[in-house]
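Enquirer: This is the structure, below, for whatever I ask next.
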Amino acid sequence: MRTVASWESLAVAGVTVHRDWLLVNSIFLGILMYCVFFFIHVSIHGKPQAETPKLESMDVRVSTDLSDADVRAVFGESVMLSRVAAFTWLSGRAVANLLYLSYNAFKTGKTLYTQRAWNLECKIVAYGEGVFALAFFFTILTNLIRPSKEVGVNQGRLNVRGALSALANFSILKCIPLVNPAKAMEVMSKLQATRYGPGFFLYAAAACYLILIMLPLALMAVLVKVSQLHFITQAVQWTPWDYFAFAFFINALAGIPGNVDHDRISAMFRLINAAEAETFERRYMLKVAEQLADSYGDWIGIVMLITMSPTDVCQLLNKGNRTQPLPEPTD
C-alpha cells in the first residue's frame, strides 16, 4: 500500500511540476514576444517623439442623423469575419457560463444536508448565480422570439445585447466593487437620480440595499469562491471539473469591472449632453438598432448591434472620424 501510495504521490507531483513549468514558460515566452514586437514596431515607425506639440483649439461636430450610408460606412457593406468571431466567442461564453452556473446550483442542491464548511453560504451563492443566469437566459429568449408591445422590437434588441454581455461573465463576484465606499456612493447617487426624483427615503433605501445586502453578499462570494478552489493549493491531480471550475473562476474575475465598453459609450453621451445623458443614449441606441435592422436584416443587425464597440459609436456620432484622421496640431 505504501509503495502504491508513493508512486501515486510521485505521479501527482510530476503533474504539478509539469503544470508549473508550463505557466512559467508561458510568461517568459510572452515577455520574449513583447520584446520582439516592440523592436519591430520601433524599426518601422521609429522612436516616439521626445516632445508633444501643443494642441490647438478645434471644433468637433457631432451628428445624431443616421442613414443606411452612415451605418455601412462604419460597419461595412456586409458582416465582417471579425464581428462573427466576436459574436461567436461572446455567445459561447454565455452558453458555457449558463450551463456551469445551472449545474453548479443543481450539484449544490444534492448536498443540501451536509455539514461541511461554508455549506449555507455555498448554497446562497450557487442558487443566486443559477437564478440570475436563468433570468438572463429567459430575457434573451423572450426578446428574441417575441418582445412585448410595451418593450418594442428595438428595445428588445438592446435588451438582448445587454443580457448576453452580462451572462457571458456573470457571477456574484460582481458585487465586490461595492465594497469600495466611493463606488457605493456612486451607485447610490445613480439610484437616487431616477425618474422618481431625489429624496431622503429613496436614498435611505439605496443605502440599506448596499450596506445590508450587497456588502455582505460580496464578502460571502469571495469566501465561497476561494473555498471552491481548494484543490489549487493541494498536490492533487486535477479532475476535468476542477479545470472547468478554475476556468470559470478566471472568467468571473474578468467580469468584475463590468461592461467597460458600455461605460465608455455612456461617457460619450455624457460629454454631449450631461443633463439628459441616459435618455439621450437610450433614444440614440434605439435609433441605431432600428437602422442596423433596416440595413442588414433582423439577425445580422443584432450581430452588428451586439458587437458594436465604442469606436463604432464614435464614428457614427462624428462623421469626420470615418474617412479622415483628426487634424494634426501645428506649432
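Enquirer: Holding the Cα-Cα limit at 25 Å, pick out from K149/K174; K149/K319; K174/K319; K287/K319 the pairs that are longer than that.
Expert: Correct reply: K149/K174; K149/K319; K174/K319.
Enquirer: Could you compute the net charge surrounding N154? Neighbours are other residues with a C-beta less than 15 Å from the C-beta of N154; K and R count +1, D and E count -1.
Expert: +2
Enquirer: Separation between the E56 and S227 pseudo-spin-labels, each 7 Å from Cα along Cα→Cβ, expressed in nm?
Expert: Going by the 7 Å Cα→Cβ label model, 6.5 nm.
Enquirer: Using a simple spin-label model with points 7 Å from Cα along the Cα→Cβ vector, what separation in nm is obtained for K149 and A96?
Expert: Taking the simple label geometry, K149 and A96 are separated by 4.3 nm.
Enquirer: Just the number, please: Stokes-Einstein D of the range 65-178 in µm²/s, Kirkwood Rh from C-alpha pairs, 20 °C, 1.002 mPa s.
Expert: 129 µm²/s
Enquirer: Let me ask something else. List, in order, the whole-Hz ³J(HN,Hα) value for each residue of the range 272-288 obtained from phi through the Karplus relation with A = 6.51, B = -1.76, C = 1.60 and θ = phi - 60°; use x for Gly and Pro.
Expert: 6, 8, 5, 5, 10, 5, 5, 5, 4, 5, 4, 5, 5, 5, 4, 5, 5
Coordinate-derived values only; no laboratory data. Everything numeric here is computed off the predicted structure, so don't read it as measured data. No Cβ is skipped: glycine too gets one built from the backbone with ideal geometry, and neighbour counts run over all protein chains shown.
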